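Below you'll find the structure, written out as structure tokens, and then a few comments.
We did not get these values from a lab; they are worked out from the coordinates using the rules stated. Model, not experiment: these values are computed from the prediction. With ideal geometry, Cβ positions are generated from the backbone for all residues, glycine too; neighbour counts draw on all protein chains shown.
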Amino acid sequence: MSGTQYEIRLLRLAEEDLTDIISYVVADRPNMAEKLLSRFNVKLATLASNPRVGHLPTEASLKRLGYRYLVLDNYLIFYVIDGHTVYAHRIIHGARDYKNLF
């Protein structure tokens, strides 16, 4: 890939998801919450130089909408690429029925 850098933007729901995840973790393991947030930031930053690194969902409806996702432990980061911007739509636990969240 060329040296193109993509802008990474978290939509409101993704920001709320991330806040909820970190708040949940901090209640039980404060030290782990900071590390987890850092790992989310690193994972999202990889999209700036390689936005197509994520997997294509198996669900046809999500695939048609252009979604891709990254995996971080038990969490899925769903995003779309539009021009030179990557929009993170949701960050959710993989055990959730995420198909109904879009």
Q | the chain: relative contact order in percent, alpha carbon pairs under 8 Å with at least 6 residues between | A | 32 percent
Q) So for the chain, taking the charge dipole from beta-carbon charges (+1 Lys/Arg, -1 Asp/Glu), which of Gly3, Leu44, Leu13 sits furthest toward the positive end? A) Gly3
Q | Gyration tensor verdict on the range 48-102 (Cα atoms; rounded if a/c is under 1.5, prolate if a/b is larger than b/c, oblate otherwise) | A | oblate
Q | the chain: C-alpha gyration tensor shape, a/c 1.5 cut-off, then a/b vs b/c | A | oblate
Q: Would you list, by chain and number, the lysines whose Cα falls below 17 Å from the Cα of Lys99, excluding same-chain residues fewer than 8 positions away?
A: Lys63
Q: Would you please give the residues with an amide H less than 5 Å from that of Leu10, counting only those at least 5 places away or on a separate chain, with H modeled from the backbone geometry?
A: Ala88
Q. How big is the gap, in Å, between the Cα center of the range 1-24 and the Cα center of the range 55-102?
A. 12 Å
Q) Could the peptides 59-66, 19-26 be put in order, highest first, of the mean number of other beta-carbon atoms found within 10 Å of their residues? A) 19-26, 59-66
Q. By the scheme Lys and Arg +1, Asp and Glu -1, what is the net charge of all other residues having a beta-carbon under 15 Å from that of Met32?
A. 0
Q) Using Cα atoms only, what is the angle between the long axis of helix 30-49 and the major principal axis of the chain, expressed in degrees (0 to 90) to the nearest 10? A) 10 degrees
Q: For helix 12-28, report the angle its Cα long axis makes with the longest principal axis of the Cα atoms of the chain; keep it between 0 and 90° and round to the nearest 10°.
A: 30 degrees
Q: Provide the net charge surrounding Thr85, with neighbours chosen by a C-beta distance below 15 Å and charges set as Lys +1, Arg +1, Asp -1, Glu -1.
A: +1
Q | Sum of -39500 (n - 2.57) over DSSP H runs of 4+, divided by residues of the chain (222 nm, nearest 500) | A | -13500 deg cm²/dmol
Q | Built amide H within the under 5 Å cut-off of Tyr75, gap 5+ | A | Gly94
Q | the chain: antiparallel DSSP beta bridges as a percent of all, rounded to 5 | A | 80 percent
Q: List, in order, the whole-Hz ³J(HN,Hα) value for each residue of the range 70-82 obtained from phi through the Karplus relation with A = 6.51, B = -1.76, C = 1.60 and θ = phi - 60°; use x for Gly and Pro.
A: 10, 10, 9, 6, 8, 10, 10, 10, 8, 8, 10, 10, 9
